[in-house]
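Notes follow the structure.
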Amino acid sequence: MTRFLAAAALLASLAACNTVEGVGRDVSAGGQAITGVASDVQRKLPPAPAPRPVYTY
């Protein structure tokens, strides 16, 4: 659902721009939104378990 909302916001912002500069700002804003969502998800994840030792014979 979050991906759909982000994609819809990106498409709406791209439809509103009239210049190359505007496209750059819109793409940048979309990237920042995706980065923010990814950071939120990473903070909510439990810590990774410690790696198990690998024994070679």
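The values are calculated or read from the model by the stated rules, or taken from the named source; none is laboratory data. Please read these numbers as outputs of a predicted model, since none were measured by experiment. Here Cβ is always computed from backbone atoms with ideal geometry, including for glycine, and neighbour counts include all displayed protein chains.
Of all residues in region 1-29 being loosely packed, with under 10 Cβ neighbours inside 10 Å and assigned to a helix (DSSP H, G or I), which is modelled with the lowest pLDDT?
Ala16
State which residue pairs qualify: first residue more than 22 Å from Val41 (Cβ to Cβ) and of a type in the set (A, V, I, L, M) and inside region 1-29, second residue modelled with pLDDT under 75 and surrounded by 10 or more Cβ atoms within 10 Å (Cβ to Cβ) in any location, beta carbons under 6 Å apart, and separation of 6 or more residues or different chains.
Partner pairs satisfying both residue conditions: Val23/Cys17.
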